Amino acid sequence: MPRVVGSLLLVVAAGVSSIGATGPAPGPAPARPLDQVVPAPERVRPGGSPYTLTPATRILADGASRADTREAARIGSYLAGLLRPSTGYALPVGEPKGDRNARDGIRLRLGTGDRNLGTEGYRLESGRHGVTITAREPAGLFHGVQTLRQLLPAPVEKRSTQRVRWTVAGGTITDTPRFAYRGAMLDVSRHFLTVDQVKLYIDQLALYKINTLHLHLSDDQGWRIAVDSWPRLATYGGSTQVGGGPGGYYTKAQYRDLVAYATSRHLEVIPEIDMPGHTNAALASYAELNCDGVAPPLYTGTAVGFSSLCVPKEVTYDFVDDVVRELAALTPGRYLHIGGDEAHATSHADYVAFMDRAQAVVAKYGKTVAGWHQITGATPAAGAVAQYWGYDATGSAERAQVAAAAKKGTRLVLSPADRVYLDMKYDRSTPLGQSWAGYTEVDRSYDWDPGTYLAGAGVPESAVLGIEAPLWTETIATSDQMEYMAFPRLLGVAELGWSPAASHDWDTYKLRLAAQGPRMTALGIDYYRSPLVPWPAG
Ligand code: TNX
C-alpha cells in the first residue's frame, strides 16, 4: 500500500468520530466522507451505497441539446485524462443512448437540473450504479468534476498506476458558489513566468474552483505582452526582470494559447496593464512617452511609485488606445484591468484626468474597467470593478472613499493585503516574500469574512463581487517558490469565495485542509507545512 494512502487514513480517522479512537477497522479503506472537500460544498446528504470504479467504468456524457452533449463530452474527456494514469482504467467517454451499460458509470449531464444551480452550480449523486453530475452550464459540470476528483483517494492525482480501491461514498451534494468572482493574480512582470508555469498554476486553481486568472502583464520591471503597434514594449521593455535576469514576454500566439487553456479550465483571464504609474518598462522603451522626452534606463530593483506616463501629452493616449485595442482583441473575457495603484509620481489632478480618458478607451473597445481601489479616487466608470488591497492598517478615509464608490455602483473585489497577498511571509522564518502588511499564517489568511470585511465602512455584502489572491513576484521566480507561497493559503481563499458563510470555521476547515496534504503531495505541489494544520504524518 503506498505511503500516502496510509497517511490519508489517519486524516479520515481524525476527522470522523464514528471510526473511533482505535483507528480504522481492517479491510478496504473507508471512502472519503462527502463533505471532505475544499471548498466546502453548500449541502451534503450522505448515505446509500458507495460506488467503486472498475476497469469497465465508462464516462457517459449527455446534454439537453447537441451542443450540451458535445460540451459534456469535452468535460468527460478532461475527467478521463485526470483519472486514467492513476487508475490504469480505459474510461471510454461516450453517450449513454443505446448503450447497454448505460446504467453504470460516471454520468455527466448538462443543460438540465434545478434552476437554482445557476451558472456554476452542480449536483453530484453517488450510489451503487455510479456517480451522476448534473449542471445547467458547463462551468457547473466542470466544478462538479473537481468535487468528484476530491472524493477519490489522493493517489488518484499521481501520474502512474496505483493499486487503490477507487471508491466514492454514497450520497448527494448540491453545491453553488457564494461569490461569482473567485480569483488569483500572477505578477508575471517582476519575474517573467513561462506559459507552462502559468498553465500549471491554472490547473492547480481549477481543482479548487477558482474561476478568474488576473495577469499583471506590465510593471516597472518588465512589459510581458507583444503589442504590434509599439513593438519595443515587449522586445526591449520585456528584456529583463527583478535582479537583472533575461525576462521575457508572450507573443500574441502564446497569449492566445494561454487564454484558451484557461478557458478550457473555466477560468476567465483578466489582463492588466498597470497605468499611469508602474510604467518604467514602457517609458524606457519609448522616449516620447516621457514628459522630458528622455527614456529612463530599464529597472531591475523592487521600489514602487517612481514612474508615470506623461498625462498632458497626446501621444500618451495614442499609446493607451493602441495597447487597449490590441489587448481587448486578445481577450474573450469581460474585463480589462488598468491598474491605477501607487501612482505616487502622478499629481492627483493628472491621475483623475488620465483615468477619465483611459476608462473611456476601455469602454470604446467593449470591455469593463477593473482597477486597483485607488481608482475610486478618480471617477470610476459605470459598472467598474475596484480591487481593494487595503489591510488592517488602512485609514478610515481610504475605506470611506471605497465605500462611497460602492454606494454609487462600483463593485468590489477584495484582496486585503494582510489576508490574501500570497507574497506575504507566513512568519519571520519564511525564506521568500515580503512583510510590509504583516506576517500571514494560514489561519489569519482564512479567518475573515468577505461579506462583512468592509461593513464598518458601510459596504454591504451585495457590493462584493468576490475575492482575489494576488501573487506578487519580487521574490518569486520558480514554480516551487510559487507553490510554497500560494499553497495552502489559496485553498482558504477558494473556500472563502465559494462556501456558505455558515460553514466558516477554522477548526473544521483545518481538518479538511489537512486532508488535502496528501493530494497536494501527489500532485507535486510544494506547499508550506504550516504548524497550525494537523497534516497527516509521512
Ligand atoms: C503593492 S498592492 C503593490 C505591488 C507590489 C506589492 C508587493 C498593489 C496594487 N501594488 O506593486 O508588488 O505591494 O507586496
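May I ask you to list pairs of residues, at least six apart or on different chains, whose Cβ atoms are under 7 Å apart, with the first in the range 489-506 being open to solvent by 30 Å² or more (accessible area, probe 1.4 Å) and the second being in a helix (DSSP H, G or I) and at pLDDT 95 or above?
Note: pairs meeting the criteria are 506/443; 506/446.
Considering only the range 36-43, I want to know if a residue exists there that is surrounded by fewer than 18 Cβ atoms within 10 Å (Cβ to Cβ) and in contact with an Asp or Glu (Cβ under 6 Å, 6 or more places away or on another chain).
Checked the range 36-43: at least one residue is surrounded by fewer than 18 Cβ atoms within 10 Å (Cβ to Cβ) and in contact with an Asp or Glu (Cβ under 6 Å, 6 or more places away or on another chain).
Please specify each residue of the range 50-62 satisfying the condition of being open to solvent by 30 Å² or more (accessible area, probe 1.4 Å) and assigned to a loop (DSSP other than H, G, I, E, B).
50, 54, 55, 56, 58
Report whether or not residue 388 is open to solvent by less than 10 Å² (accessible area, probe 1.4 Å) and within 16 Å of the ligand (Cβ to nearest atom).
Answer is yes for this residue.
Residue-wise test of (1) farther than 25 Å from residue 517 by Cβ; (2) of a type in the set (A, V, I, L, M); (3) touching a Lys or Arg at 6+ places or on another chain (Cβ under 9 Å).
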| residue | (1), (2), (3) |
| --- | --- |
| 73 | yes, yes, no |
| 77 | yes, no, no |
| 83 | no, yes, yes |
| 124 | no, yes, no |
| 127 | yes, no, no |
| 150 | no, no, yes |
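Among the residues of the range 175-202, how many are open to solvent by less than 30 Å² (accessible area, probe 1.4 Å) and either under 16 Å from residue 490 (Cβ atoms) or within 16 Å of the ligand (Cβ to nearest atom) (or both)?
16
Within the range 420-431, work out how many residues are within 13 Å of the ligand (Cβ to nearest atom) and open to solvent by 30 Å² or more (accessible area, probe 1.4 Å).
The qualifying residues number 1.
With respect to residue 369, determine if the residue is modelled with pLDDT of 95 or more, within 16 Å of the ligand (Cβ to nearest atom) and over 26 Å from residue 191 (Cβ atoms).
Values: modelled with pLDDT of 95 or more: yes; within 16 Å of the ligand (Cβ to nearest atom): yes; over 26 Å from residue 191 (Cβ atoms): yes.
So residue 369 passes the test.
Going through 296, 332 one at a time, which residue ends up being open to solvent by 30 Å² or more (accessible area, probe 1.4 Å), part of a loop (DSSP other than H, G, I, E, B), closer than 29 Å to residue 383 by Cβ and more than 13 Å from the ligand (Cβ to nearest atom)?
Criteria check complete, one pass: 332.
So the check is Cβ under 6 Å with 6+ separation or different chains; which pairs have a first residue in the range 76-92 that's within 16 Å of residue 523 (Cβ to Cβ) and a second one that's exposed (fewer than 14 other Cβ atoms within 10 Å of the Cβ)?
85/159
Within the range 441-458, count every residue that is small (Gly, Ala, Ser), part of a helix (DSSP H, G or I) and under 28 Å from residue 528 (Cα atoms).
1
The values are calculated or read from the model by the stated rules, or taken from the named source; none is laboratory data. The model shown is predicted, which means the values in this text are computed figures rather than measured ones. So basically every Cβ, Gly included, is an ideal-geometry build from the backbone, and we count neighbours across all protein chains shown. Side chains are part of the model used for accessible areas, which takes the heavy atoms of the whole protein and leaves out ligands, DNA and RNA. Shrake-Rupley method; radii C 1.70, N 1.55, O 1.52, S 1.80 Å.
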